[in-house]
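Below is one structure, written out as structure tokens; the observations come after it.
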Amino acid sequence: MDKRDSSHLKAQKMARIRDNNTCQICGSHSHTAGHHAVDYQFGGKASTDNIVTLCGNCHKKVHNGTMDIFCIK
Ligand SMILES: [Zn+2]
Ligand SMILES: [Zn+2]
């Protein structure tokens, strides 16, 4: 089920470089990860346009629904 091909990994890496490894919500550098704005399993593209860098804290909130990724400008 969780099958990501190398294009996704590459896009995530590129997005983190683009975002300077900085959380795009709060600006933290702690435990950053590339988050798919539209998840690949819902047809999200393996493209940096579809990936935002988030810190561990915000990432958790986005996934449990207490924070909305689409409020990011
Ligand atoms: Zn954050
Ligand atoms: Zn995520």
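Values quoted throughout were computed directly from the atomic coordinates according to the rules given, and no laboratory measurement underlies them. Note that the structure is a prediction, hence the values are computed from the model and not measured.
Among 61, 13, 45, which one shows the biggest mean-square fluctuation in a GNM of the chain, springs joining Cα atoms closer than 10 Å?
Evaluated over the chain, the most mobile residue of the options is 61.
Taking the convex hull of the Cα atoms, report for the chain its projected area averaged over all directions, in nm². Walk me through the numbers before you get to the answer.
Numbers: hull surface 18.8 nm².
So the Cα hull casts an average projection of 4.7 nm².
What ³J(HN,Hα) values, in whole Hz, does the Karplus curve 6.51 cos²θ - 1.76 cosθ + 1.60 give for segment 8-17 when θ = phi - 60°, with x put for Gly and Pro?
Karplus-based 3J(HN,Hα) across segment 8-17 equals 5, 4, 5, 5, 5, 5, 4, 5, 5, 5 Hz.
Mind listing the long-range amide H neighbours of residue 53? Cut-off is under 5 Å, sequence gap 5 or more, other chains count too, H placed in the peptide plane at 1.01 Å from N.
Hits under the 5 Å cutoff: 24, 35.
For n ≥ 4 DSSP H runs only, could you compute -39500 (n - 2.57) per run for the chain, divide by its residues and tell me the 222 nm figure to the nearest 500?
On the way: 2 runs with 21 residues, N = 73.
One gets -8500 deg cm²/dmol as the mean residue ellipticity at 222 nm.
Under 16 Å between alpha carbons, and skipping anything fewer than 8 positions from residue 60 in its own chain: which aspartates and glutamates qualify?
39, 68
What percent do you get for the relative contact order of the chain when only Cα pairs under 8 Å and 6+ apart count?
Numbers: 95 pairs, mean separation 23.5, N = 73.
Reported as a whole number, the value is 32 percent.
For segment 30-39, take each phi angle, set θ = phi - 60°, evaluate the Karplus expression 6.51 cos²θ - 1.76 cosθ + 1.60, and give the result in whole Hz per residue in order, putting x for glycine and proline.
8, 6, 5, 8, x, 9, 7, 4, 10, 4
Explain nothing, just compute: Karplus ³J(HN,Hα) = 6.51 cos²θ - 1.76 cosθ + 1.60, θ = phi - 60°, for every residue of segment 40-45 in order, whole Hz, x for Gly and Pro.
Rounded to whole hertz, the list is 4, 6, 9, x, x, 7.
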